[in-house]
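Before any comments, here is the structure.
The values are calculated or read from the model by the stated rules, or taken from the named source; none is laboratory data. In this text, all values refer to a predicted model and were calculated from it rather than measured experimentally. Don't worry about glycine lacking a Cβ; one is built from the backbone with ideal geometry, like all the others, and counts go over all protein chains shown. Surface areas here come from the heavy atoms of the whole protein model, side chains and all, with no ligands, DNA or RNA. Shrake-Rupley method; radii C 1.70, N 1.55, O 1.52, S 1.80 Å.
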Amino acid sequence: MIKRITVVLIFTFLLKTNLFSQNRNDFGFKVYESGILFLRDGSSLKGLFKLTSGNKIKYRKTKDSKKRTFNQKEVKELIFDDGEIYTYKILQKNIGGRRKDVVFLVKEEQKGKLSLFSREFSGSNYLTGDNFTSNLFYICRKNSIYIKQMHHRDKKNIAILKSMGNECSIFTEKIRDKNSYKKNFESSFKKAIKFYNHNCD
């Protein structure tokens, strides 16, 4: 009986791990895209860029130019010609009982006193063999380098939103519990963040 339970637990762990494993092409850029890279030293580079699964940015001035690679220590933000903005943020995680800073290259979804970012990843399901792509969302105070991850559960998202916008009473009143959160924002943290940025100074 114990052996059977152990096998089930191991299989469940493998399934969960695979479901959240990152693809080598996290953001879906299989080719270089044109844009402009702003560096922390105040300079900028125009050319072609590609995002990597290692949270790095590959750059070529032209299609046939030599490749250069940049990371979070050098980059302020990357803006593609289609308007999409990417920047580096830090997520604090508890790993093995210890807090660890994990750096992610994330896409800006909403900008304001509270900003929303996303990170795309893909994987496959061991049971069905199907591949999938999904997004993780993060919230961040203006000018902060630290992000908090949003969830699928209203209760967790309400707690995060309250902690980030607790100085705005009109906002906290609208998310005081699951019922009010659902009524006012249809359980959408995107709509809640938009409301906060438009109504809280």
### Residues (in contact (Cβ under 8 Å) with a residue 24 or more places away in the chain and surrounded by fewer than 16 Cβ atoms within 10 Å (Cβ to Cβ)) located in the stretch 96-109
Val103
### Task
For the stretch 153-201, please list each of the helices (runs of 4 or more DSSP H) lying entirely inside it that holds at least 3 residues being under 20 Å from Glu109 (Cα atoms).
154-164, 189-199
### Query
Considering only residues of the stretch 156-201 that are among the charged types (D, E, K, R) and touching a strand residue (DSSP E or B) at 6+ places or on another chain (Cβ under 7 Å), which is surrounded by the most Cβ atoms within 10 Å (Cβ to Cβ)?
Lys194
### Summary
For Gly112, the lone unmet condition from (1) assigned to a strand (DSSP E or B); (2) touching a Lys or Arg at 6+ places or on another chain (Cβ under 8 Å); (3) more than 24 Å from Tyr32 (Cα to Cα); (4) not charged (D, E, K, R) is (1)
### Message
Could you check the stretch 36-72 and list, in sequence order, the residues that are among the basic types (Lys, Arg) and either within 21 Å of Asp101 (Cα to Cα) or open to solvent by less than 50 Å² (accessible area, probe 1.4 Å) (or both)?
### Response
Arg40, Lys50, Lys56
### Message
For Lys76, only one of the following conditions fails: (1) charged (D, E, K, R); (2) farther than 17 Å from Lys107 by Cα; (3) touching a residue at least 24 places away in the same chain (Cβ under 8 Å). What is its number?
### Response
(2)
## Note on the structure
Out of (1) open to solvent by 40 Å² or more (accessible area, probe 1.4 Å); (2) modelled with pLDDT of 95 or more; (3) touching a helix residue (DSSP H, G or I) at 6+ places or on another chain (Cβ under 8 Å); (4) farther than 23 Å from Arg153 by Cα, the one Gly112 does not meet is (1)
## Note on the structure
All-but-one check, Ser144 against (1) without any contact (Cβ under 8 Å) to a residue 12 or more places away in the chain; (2) of a type in the set (Ser, Thr, Tyr); (3) in a strand (DSSP E or B), failing number (3)
### Query
Of all residues in the stretch 53-70 being in contact (Cβ under 8 Å) with a residue 12 or more places away in the chain and in a loop (DSSP other than H, G, I, E, B), which is nearest to Lys107 (Cα to Cα)?
Asn55
## Note on the structure
(1) in contact with a Phe, Trp or Tyr (Cβ under 8 Å, 6 or more places away or on another chain); (2) modelled with pLDDT of 95 or more; (3) open to solvent by 70 Å² or more (accessible area, probe 1.4 Å); (4) of a type in the set (Lys, Arg) all hold for Arg141 apart from (1)
### Task
Within the stretch 73-94, track down each residue that is within 19 Å of the chain's Cα centre (by Cα), farther than 15 Å from Cys140 by Cβ and open to solvent by less than 90 Å² (accessible area, probe 1.4 Å).
Val75, Leu78, Ile79, Phe80, Gly83, Glu84, Lys93
#### Entry: Residues (within 14 Å of Gly112 (Cα to Cα) and of a type outside the set (Phe, Trp, Tyr)) located in the stretch 162-201
Met164, Gly165, Lys190, Lys191, Ala192, Ile193, Lys194, Asn197, His198, Asn199, Cys200, Asp201
